[in-house]
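Worksheet for the structure shown next.
Just so you know, all these numbers are worked out from the coordinates, no wet-lab data involved. Nothing here was measured: the structure is a model prediction, and the numbers come from that model. Glycine gets a Cβ as well: all are built from the backbone with ideal geometry, and neighbour counts include every protein chain shown.
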């Protein structure tokens, strides 16, 4: 009997990426198409299906060779119902029945998951955490996402809002406002957006001196990469921003160590381009903040799958669904219900 194949679709505000993965999480082919959310949710649903079809073609497989499909999306959602509710990055979509639509089009078992949860599951299944029993993942980009996996179980929460690690509170005394509207969230301190904002504020202080001023004058803008590169070149102001960012992430990681006590804490997203030195700063703060046993035993590392983590994790969620249904149905292959 041939090994089962799964398609995962990772829907983002800018692009959708889908790929085929085998039973061990190895990607066999993938494609990316622009999301174009502004064209409306009906177009978006069809674009999802087209991306899935093209992923199968890229892997040189037929849809009738696919055992199940997994779809991961951003934004607020009702995971059990398979519905995106009101996604900020997919305006003007509202109450989109993603899972039902994909299932109806392809007639295959269809899993639905939060995009950050899916990325975490991808790393757990086939990436940095593939030998672990439990994993906590922080994704560092424009915002901060997160996922928690324990014993192959994705922690979704009772109301589909579990593992919102970017919105754990790390500061109460004089908190910054987060993009979510609340105060003191990790995302307001340690996202790429927050790194740039904090650097700009530091530059605006009287007497501030930094090579970042030249970057602003030269380009009119600044990126988190600029801050990390300046720190690596010995810029004191930039180094302070980087050190504080490592501390904020260590506070959040320590909270997870004391709550979940996972095998591994993984950092993913664009900011991991900062390199091993940044990760060592996080590790150093964790050793000072956390209880000795989890601080010593929990592995802290970078993600391995890059931008493929989302679709691989979505495919992994499809695999979970298919395996559960195959067991429930005594191995039947004609599963058409959720």
Evaluate the relative contact order of the range 198-292 (contact order divided by residue number), counting alpha-carbon pairs under 8 angstrom at least 6 apart; express in whole percent. 27 percent
Relative to the longest principal axis of the C-alpha atoms of the chain, give the angle of the C-alpha long axis of helix 115-126, reported between 0 and 90° and rounded to the nearest 10°. 80 degrees
Rounded to the nearest 0.05, what FRET efficiency is calculated for residue 53 and residue 307 with R0 set to 25 Å and r the Cβ-Cβ distance? 0.75
If r is the Cβ-Cβ distance from residue 205 to residue 273 and R0 is 25 Å, what FRET efficiency results, to the nearest 0.05? 0.40
Just from its helices, what would the mean residue ellipticity at 222 nm be for the chain, if runs of 4 or more DSSP H residues each count -39500 (n - 2.57) and the sum is divided by every residue, rounded to the nearest 500 deg cm²/dmol? -12500 deg cm²/dmol
Packing-based ranking, highest mean first, of 194-207, 126-139 given that Cβ atoms within 10 Å are counted: 126-139, 194-207
Square roots of five times the C-alpha gyration tensor eigenvalues of the range 130-304, ordered largest first and given in whole Å, equal 29, 17, 14
Packing-based ranking, highest mean first, of 33-41, 99-107 given that Cβ atoms within 10 Å are counted: 99-107, 33-41
Going by alpha carbons, how many degrees (0 to 90, nearest 10) lie between the helix axis of 309-328 and the longest principal axis of the chain? 40 degrees
Say each of residue 225 and residue 38 gets a label point 7 Å from the Cα, pointing the same way as Cα to Cβ; how far apart are those two points in nm? 2.5 nm
Residue separation between residue 14 and residue 180 times 0.36 nm, minus their alpha-carbon distance, gives in nm 57.8 nm
Subtract the Cα-Cα distance of residue 100 and residue 216 from 0.36 nm times their separation in residues, and report this length gain in nm to one decimal. 37.0 nm
Mean separation of Cα contacts under 8 Å, 6 or more apart, over the residue count of the chain: relative contact order %: 21 percent
Using Cα-Cα distances under 8 Å and only pairs 6 or more residues apart, what relative contact order does the range 1-93 have, in percent? 32 percent
Förster radius 30 Å - calculated FRET efficiency between residue 159 and residue 62, Cβ distance, rounded to 0.05: 0.20
